[in-house]
């Protein structure tokens, strides 16, 4: 064995230096790449939803000359008058050359079936308009809307389209005359669900979500905070408490459908609460969000330094006073952040609601905690499965609304943390 | 400690029972409907018009699937159970018996029309001209040995040309619903079993060993040629537009809405058109039903009016608004028969 000059430590370090630098550079590049990739994917999601959903905020309407003929209202019940006939006669006067039953039917189909309900509402609100003649913007059929938005191809054979050449001719004439226009889609924000895309809105689902989340917040926040305070500040260290802790952590990872099954068994079958009600939905989501809130609240309580408790004890405060006067206020920002994140999670949940009947077609906007209702993500799911093409853009628009809610909730959480967080 | 626990339990039981009596007593002022996702688009259309044109509230409709709907429907006759259930198949004997056992004695059956199941592909590819036998041979798990003999081999076909030399030389790739779907049940029963029966020795087996016959005819291959694409039919439409060689299986209304992008394959030489399904010429079509709990008529407001609206020609007739949504109407005589049954609430007797 040849004895050469022994390598000094410095030399060994220098030899490996280039490799270590390279490793670090690679690691950084890797991290940067991961961030860029996830931002790109998120951007792709937003852009594709935005592009698809944006047109839904506009809806084609048709300007019709409606003559509220006195004779049509010569019935006892104004509700039961034939409002469809008003629309039909107006369409006939626009295209007097259209003859024959089949052709007329095609013509009437350009206006939404919801137009007659709009007229009925106008008459019910103000009976004085009977006998007068007015120009009114009424919703056009979803097929007309799709054609104007370019979702129906004109170059395919007539039999392959839902609109005939004749109908497209009428639509072009109306557009040229300025009687057919895309307007801001207020219906989308004021109506409940509908089978007609042009009449469908998210108001019902948004209200359902609000009622459901109100129940969830009212129950899960106090219960969650109380549990966390007890476990963190008062509970004796024992096996029993350890068991409780393990179970809470476990619950946080239980698939949400399980909570739905539990809700079905307990709230509906034993307590006999009504199906499809936000009350039950809120209770089920409470069970689901509780573990999240408890874990976040305990972390917030843990981060309050012991010196604060000791100082409070030092001036003679009781245990309860220490907790309520000092520890809890300091831990509150963290607890609220955890609660908001739990709420945001609950807002996006559909699986547990399936079992308790909140995946349903509900037209009337709910007005209370026991009215049948649905929630935003369920509405998105139901629209995504509808055959009518116009529901595609509405699905994306509803997703945009849901994302807006989620982003603002998370922004509030970040804001609270920034504003009230204290560092020791 | 124990005393506390016992008193706590007592309090919660009292609270629970008072809560349940509170909810049970409150009754219900809207119709509750559950059931098939295939009937859902039609039932919701009727419900919406009913709600807007009468003084009654709009019925609530849950999409639970035919089986799930009947399970809820047959759970009892209390006011907290659904009033109507939609089904994309007829009620089974076992379900009917369960209904009877749980006190749901009188049920009215109303057939509402037909739904065609189509096999469609993108317009970018040639139209497929299939027979039921082609469908069976292309999609079954085990098929008769192509070299002859009365025994089964695992499905050896990978292109349509191998199945039938008249078909194009493209890979067999079919996107369809999963086994939980009623559309899948009907497709298997009507198309695959129909093709299966055309093979003499398998048909003969039906009498001898019904179970074996069913497992031969109803089992769909699992080697990747049939792709379960979930319950969302829109997704299947989008996928077959994106991959032109693939075929998709879904309800007629989706073909009706997307006629500019996709085309329905002919089955046995018949095009899947509205007219052909209505006349019964197109072989893969199934009846749709709903079932009414007679005991709830008169208790839940608006029940008989809803039935009248659904069974009016304005709704389910040849030119009714449901045909715009893709429902294939029944012939006039059949419509009259079921409208009469709905009006008189003739109880169903299943033997």
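See the values below:
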quantity: Scan of the range A:103-116 for residues that are in contact with a helix residue (DSSP H, G or I) (Cβ under 8 Å, 6 or more places away or on another chain), part of a helix (DSSP H, G or I) and either without any contact (Cβ under 8 Å) to a residue 24 or more places away in the chain or closer than 18 Å to residue A:67 by Cβ (or both), ordered by number; calculated: A:104, A:107, A:108, A:115, A:116
quantity: Leading residue by the ranking (nearest to residue B:33 (Cα to Cα)) among those in the range A:253-272 that are in contact (Cβ under 8 Å) with a residue 24 or more places away in the chain and either facing chain B (nearest Cβ under 10 Å) or touching a strand residue (DSSP E or B) at 6+ places or on another chain (Cβ under 7 Å) (or both); calculated: A:268
quantity: Which numbered condition residue A:83 fails, given (1) in contact (Cβ under 8 Å) with a residue 40 or more places away in the chain; (2) under 37 Å from the mean Cα position of the chain (by Cα); (3) away from every other protein chain (no Cβ under 12 Å); calculated: (3)
quantity: Test result for residue A:339, crowded, with 23+ Cβ neighbours inside 10 Å, more than 14 Å from every other protein chain (Cβ to nearest Cβ) and in contact (Cβ under 8 Å) with a residue 60 or more places away in the chain; calculated: yes
quantity: Qualifying residue in the range B:241-264 (condition: within 14 Å of chain A (Cβ to nearest Cβ), over 22 Å from residue B:283 (Cβ atoms), surrounded by fewer than 20 Cβ atoms within 10 Å (Cβ to Cβ) and modelled with pLDDT of 90 or more); calculated: yes
quantity: Residue in the range B:98-107 that is out of contact with any helix residue (DSSP H, G or I) (no Cβ under 6 Å at 6 or more places or on another chain), free of Cβ contacts under 8 Å to residues at least 60 places away in the same chain and within 13 Å of chain A (Cβ to nearest Cβ) present; calculated: no
quantity: Criterion violated by residue A:308 - all others in (1) part of a helix (DSSP H, G or I); (2) surrounded by fewer than 22 Cβ atoms within 10 Å (Cβ to Cβ); (3) within 14 Å of chain B (Cβ to nearest Cβ) satisfied; calculated: (3)
quantity: Qualifying residue in the range A:184-194 (condition: farther than 21 Å from residue A:346 by Cα and more than 19 Å from the chain's Cα centre (by Cα)); calculated: yes
quantity: Output for the range A:1-40, where each listed residue is surrounded by 10 or more Cβ atoms within 10 Å (Cβ to Cβ) and either at positive phi or part of a loop (DSSP other than H, G, I, E, B) (or both); calculated: none
quantity: All helices (runs of 4 or more DSSP H) inside the range B:311-351 with 3 or more residues being within 14 Å of chain A (Cβ to nearest Cβ); calculated: B:321-324
quantity: Among the candidates A:92, A:134, A:154, residue that is farther than 25 Å from residue B:48 by Cβ, modelled with pLDDT of 85 or more and in contact with a strand residue (DSSP E or B) (Cβ under 8 Å, 6 or more places away or on another chain); calculated: A:134
quantity: Pick from the range A:135-189, criterion crowded, with 20+ Cβ neighbours inside 10 Å and part of a loop (DSSP other than H, G, I, E, B), ranking: nearest to the other protein chains (Cβ to nearest Cβ); calculated: A:162
quantity: Of the criteria (1) over 30 Å from residue A:255 (Cα atoms); (2) without any contact (Cβ under 8 Å) to a residue 40 or more places away in the chain, which one residue A:331 fails; calculated: (1)
quantity: Members of the range A:346-359 that are in a loop (DSSP other than H, G, I, E, B) and more than 9 Å from chain B (Cβ to nearest Cβ); calculated: A:348, A:349, A:350, A:356
quantity: Any strands (runs of 3 or more DSSP E) falling wholly within the range B:128-196 and containing at least 2 residues that are under 16 Å from residue B:248 (Cα atoms) and at pLDDT 85 or above; calculated: B:174-176
quantity: Subset of the range A:263-281 [under 23 Å from residue A:225 (Cα atoms) and surrounded by fewer than 23 Cβ atoms within 10 Å (Cβ to Cβ)]; calculated: A:279
quantity: Single condition residue A:236 does not satisfy, out of (1) part of a helix (DSSP H, G or I); (2) under 22 Å from residue A:301 (Cβ atoms); calculated: (1)
quantity: Test result for residue B:275, surrounded by fewer than 19 Cβ atoms within 10 Å (Cβ to Cβ), without any contact (Cβ under 8 Å) to a residue 60 or more places away in the chain, within 14 Å of chain A (Cβ to nearest Cβ) and not in a helix (DSSP H, G or I); calculated: no
quantity: Residue A:404, sole failed condition from (1) within 14 Å of the chain's Cα centre (by Cα); (2) in contact (Cβ under 8 Å) with a residue 12 or more places away in the chain; calculated: (2)
quantity: Members of the range B:72-97 that are surrounded by fewer than 17 Cβ atoms within 10 Å (Cβ to Cβ) and part of a helix (DSSP H, G or I); calculated: B:93, B:94, B:97
quantity: Filtered residue count, the range B:274-290, keeping only those that are over 24 Å from residue B:196 (Cα atoms) and modelled with pLDDT of 90 or more; calculated: 3
quantity: Members of the range B:29-52 found to be more than 8 Å from every other protein chain (Cβ to nearest Cβ), within 27 Å of residue A:83 (Cα to Cα) and over 15 Å from the mean Cα position of the chain (by Cα), listed by number; calculated: B:29, B:31, B:46, B:50
quantity: Residues within the range B:53-71 that are within 7 Å of chain A (Cβ to nearest Cβ) and surrounded by fewer than 23 Cβ atoms within 10 Å (Cβ to Cβ), tallied; calculated: 1
quantity: Any hit, the range A:360-382, residues being part of a helix (DSSP H, G or I), more than 12 Å from the chain's Cα centre (by Cα) and either in contact (Cβ under 8 Å) with a residue 40 or more places away in the chain or within 9 Å of another protein chain (Cβ to nearest Cβ) (or both); calculated: yes
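The values are calculated or read from the model by the stated rules, or taken from the named source; none is laboratory data. Not measured: the values here are computed from a predicted model. So basically every Cβ, Gly included, is an ideal-geometry build from the backbone, and we count neighbours across all protein chains shown.
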